[in-house]
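The values are calculated or read from the model by the stated rules, or taken from the named source; none is laboratory data. Quantities reported herein were computed from a predicted structural model and do not represent experimental measurements. As a convention, Cβ positions derive from the backbone with ideal geometry for all residues, glycine included, and neighbour counts pool all protein chains shown.
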Amino acid sequence: MLWEETFGAQLQKFLRAEQFIFHAPMSEHTTFKIGGEADVLIFPSSAEEVSKIFKLIDLFSLPCTILGNGSNVLVSDKGIRGVVVKFTEKFFGGMRCDGQRLVACAGAKLKDVAIFAAQNSLTGLEFAIGIPGSIGGAIFMNAGAYGGEMKNVIAGVKAVNRLGEFVEFSGGGLDLHYRHSIFQENACAICEVEMILQRGNLDEIKRTMADFTERRESKQPLDLPSAGSTFKRPKGHFAGTLIDKAGLKGLKVGGAMVSEKHAGFIVNTGGATAQDVLALIEEVKRRVQEAHGVTLTPEVRIIGEE
């Protein structure tokens, strides 16, 4: 395609060759290991590069999708048209600490940020030790676990809007509530996250993190690809409990299966397609509604060409 050649030539002016891939199979870039090709996948390494990428995307009038670690998404079998901008540990994962202030670039893995906080005897991020996403994705979804959530520690975010302009948000201006942030509406790319944590006892922090890790490893299906928890928590209920009580553990559609270890997870047992997962999601929703009168809502983001 002509636009790809021209677009690629423009990218080469400010990115290294390893920072962009044309016709990238998204099954290799998501934790579900599912998804067709993205027209072009780009890995920025700075906010300045993000600005240039967005200006170029605007110039070419291309659709754009922003991804973090790819841990909470299901990419369609047809893939993603236009540009996917993916924030990764390799290219955009720096962290620094100044007293109780911890700053992390968007591609840093949340687990690593939690460990870095612990190494600096800072408490407040212990809950994040088992969440398999990037810090940017964690803000986007206001990730939480074990009674903690990102809302409690965020002081501010530096981002880039779709016009390539640099913008800043205070923690109070992020509209953070259950699995939601302002970034789900404003299309800005999170580039840098500032957190204010508390001084803590290193041994206590380590013990808490070890406890959360043991709980996660004993209860969650970490041996098979998934996108994490498939459904949001219904008010007054736990999705996994409802699914389990409906007798749906082990229910399969193609290569997709309701985990036999934790019913709140749909896993890829091998060769699952996005259509397999979507069909299974609908069947689980139908049976839970039938059994309990509760409507489940997917937590996993479903993206790509329909």
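The residues on offer are Ala239, Ala210, Ala227, and the sole one that is among the small types (Gly, Ala, Ser), under 28 Å from Glu28 (Cβ atoms) and not assigned by TED's automatic domain parsing to the domain that holds Leu62 is Ala227. Give Gly250, Gly270, Gly236 a once-over and let me know the one that is modelled with pLDDT under 95, surrounded by fewer than 14 Cβ atoms within 10 Å (Cβ to Cβ) and in a loop (DSSP other than H, G, I, E, B). Gly236 is the lone residue from the list that is modelled with pLDDT under 95, surrounded by fewer than 14 Cβ atoms within 10 Å (Cβ to Cβ) and in a loop (DSSP other than H, G, I, E, B). Under the condition of being out of contact with any strand residue (DSSP E or B) (no Cβ under 7 Å at 6 or more places or on another chain), surrounded by 12 or more Cβ atoms within 10 Å (Cβ to Cβ) and modelled with pLDDT under 95, the residues counted in region 1-37 number 1. For region 253-267, the candidate set comprises residues that are part of a loop (DSSP other than H, G, I, E, B) and over 22 Å from Gly130 (Cβ atoms); within that set, the residue that is farthest from the chain's Cα centre (by Cα) is Gly254.
Across region 120-136, the qualifying residues are those that are in contact with a helix residue (DSSP H, G or I) (Cβ under 8 Å, 6 or more places away or on another chain) and not hydrophobic (A, V, I, L, M, F, W, C), and the one among them that is surrounded by the fewest Cβ atoms within 10 Å (Cβ to Cβ) is Ser121.
Here Arg216 qualifies as touching a Gly at 6+ places or on another chain (Cβ under 6 Å), buried (at least 16 other Cβ atoms within 10 Å of the Cβ) and either outside the structural domain of Ala256 (by TED's automatic domain parsing) or over 21 Å from Thr65 (Cα atoms) (or both).
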